[in-house]
Amino acid sequence: MGQNSLYNYFSTNGLFWREEMESKASITTENTTWKAILKLALPAVIEQFLQTVVNYVDTAMVGSIGVHASAAIGLTTPVIFMVFGVMYSMGIGFSVLVSHNIGSGNLEHAKNIIRHGLITALVAGGLISLFAVLVLAPKLPLWMGAANDVGSSATIYMRIFGSAYIFNMLTMVSSAILRASGDTKTPLIYNTITNVINVVFNFFLIYPSRNLNILGLTVFMPGAGLGIAGAAIATAISIAFTGISLTIVLFIKRSPIRLDKSSKIVPDISIVRSAFKLSLPVFFERVTISAGQVVTTALITSLGTISLAAHQIAGTGESLCYMPASGFAMAAASLTGRCLGAGREDLAFSSGRLALRMAVLTLIFNSFLMYTFSYNITDFFSNDESAIELGAKMLRVEVLAEPFLAIGIVSGGIFQGGGDVKRTLMISIIGVWAVRVPSSYIMLKFFDMGLLSVWYAMILDWFTRALLSLWRFYSKKWMHHLSS
């Protein structure tokens, strides 16, 4: 194969090669790298956008039940993110190995890694589901010091939601592997369908049967009237669909990494060991961040239901602003992993740098919109005026953090692509536990700043992480940690 730009490798079905191309990548010319980044990032950004929009609708539907329902979701959110961290780290561990072997042209070994990843996902996902249902759901409200009405709703939501974690694990691993191969379109398609399923089931399960006025006509709409339990059931059903579907895709979609259904799996403990070696720092990073969120949420809980609901509403509103950074991070991880696997450190660095710049500019623009429409955003999620006003105030404050958020998120993707997962862990520990948690406590307890203390602390956290991430990126030491 002649010399081709990186862009050309993604020109068919979002994958690294056409079927007829030779397996090892030839990566050249920096001047078209932005096309490769956009081709990978845009489907991921659209996917994140649609998921965020559905999260908006989900929050609004639950919020219409009352402020206590919003508070219950807010109570479970940090713990849910912590569990997601476990599953996300598992996906990262196997996907980094896959991208490295794709870059070096070792497709058969990449397929073997995928098989081991799916089996690991089933076993680990089942154990996490049991833990969520039997331990987290009944104990969480007690640990967080929640009021009885909020706590009981949180237990119901967590028990139903947690039962679907096995499918969540399959989704995380399968999606990460597909993206590592350059296929960001398939996760977009299936997650879009999932979001539609979630909203439709929300509509019928949350609300009771009622009469709706549609174009002047009165239409009877059946409903189960399950409230927050209905929202959890809808989410669990949609998650199950995605997990099963994306796993099947790995066996039926025509691609260089398609699995052969008739092939026997030859156990290789070294694969699992290598994946766990990469996964553990990512896992501890997520636990570090989520544990910090649990602590700060517990601090917020002491401020009352309105502050807890406002925090949940503002956090959901902000997610639309910083969401594109996750898409750029996925693109950066895929590109840097395969560039390094192909021995092109120069292009790995230039790709990462360009992804950082594109993400920062995007989030600066989004933060302007978030500031301008802060009240409109929070008003969408609740009918409680106090929670709406307080949430809007938090969004206007958080505008200052968005460029630093972009740097921190995308740098994490770059370092993961390079296998430098321990560095992201250390940066997160410093940001969360040396900056966010202590400053939240000090501003809340000694300066009586209320909910603002937590959001000011988040800005300081992301500023610190951005500085440390940039220092690591420009040192180029992150390029020498890949293991196959």
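The figures follow:
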read-out	value
Residue check for T155: in contact (Cβ under 8 Å) with a residue 40 or more places away in the chain and either out of contact with any Pro (no Cβ under 8 Å at 6 or more places or on another chain) or buried (at least 20 other Cβ atoms within 10 Å of the Cβ) (or both)	no
Condition check for F381: modelled with pLDDT under 90, surrounded by fewer than 22 Cβ atoms within 10 Å (Cβ to Cβ) and over 30 Å from L280 (Cα atoms)	no
For G125: the one exception among (1) modelled with pLDDT under 85; (2) crowded, with 19+ Cβ neighbours inside 10 Å	(1)
Top-ranked residue of the range 60-76 - restricted to ones that are of a type in the set (S, T, N, Q) and surrounded by 24 or more Cβ atoms within 10 Å (Cβ to Cβ), ranked as modelled with the lowest pLDDT	S70
Some residue of the range 319-326 being of a type in the set (S, T, N, Q), at pLDDT 85 or above, under 25 Å from I364 (Cβ atoms) and out of contact with any Pro (no Cβ under 7 Å at 6 or more places or on another chain)	yes
Every pair of residues 6+ apart whose Cβ atoms lie under 7 Å, when the first sits in the range 340-363 and is within 13 Å of L405 (Cα to Cα) while the second is acidic (D, E) and part of a helix (DSSP H, G or I)	L363/E402
Options L320, L361, L299, L335: the member that is aliphatic (A, V, I, L, M), over 20 Å from R179 (Cα atoms) and under 19 Å from the mean Cα position of the chain (by Cα)	L320
Meets criteria (touching a Gly at 6+ places or on another chain (Cβ under 7 Å), assigned to a helix (DSSP H, G or I) and either more than 30 Å from G304 (Cα to Cα) or modelled with pLDDT of 85 or more (or both)) for I114	no
Yes/no for G327 being crowded, with 19+ Cβ neighbours inside 10 Å and of a type outside the set (D, E, K, R)	yes
Filtered residue count, the range 422-481, keeping only those that are out of contact with any Lys or Arg (no Cβ under 9 Å at 6 or more places or on another chain) and of a type in the set (G, A, S)	6
Only one of G431, G391 that is out of contact with any strand residue (DSSP E or B) (no Cβ under 7 Å at 6 or more places or on another chain), crowded, with 19+ Cβ neighbours inside 10 Å and touching a residue at least 60 places away in the same chain (Cβ under 8 Å)	G391
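Okay, residues lined up against (1) farther than 30 Å from S64 by Cα; (2) in contact with a Phe, Trp or Tyr (Cβ under 7 Å, 6 or more places away or on another chain):
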residue	(1), (2)
T171	no, no
S181	yes, yes
K185	yes, no
T192	no, no
N202	no, no
A234	no, yes
L246	yes, yes
D268	yes, no
A275	yes, yes
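Yes or no, residue by residue, for (1) modelled with pLDDT under 90; (2) out of contact with any Pro (no Cβ under 7 Å at 6 or more places or on another chain):
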site: E385; (1), (2): yes, yes
site: A392; (1), (2): no, yes
site: L395; (1), (2): no, yes
site: K422; (1), (2): yes, no
site: I430; (1), (2): no, yes
site: A434; (1), (2): no, yes
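The values are calculated or read from the model by the stated rules, or taken from the named source; none is laboratory data. Model, not experiment: these values are computed from the prediction. Positions of Cβ are backbone-derived with ideal geometry, glycine not excepted, and every protein chain shown enters the neighbour counts.
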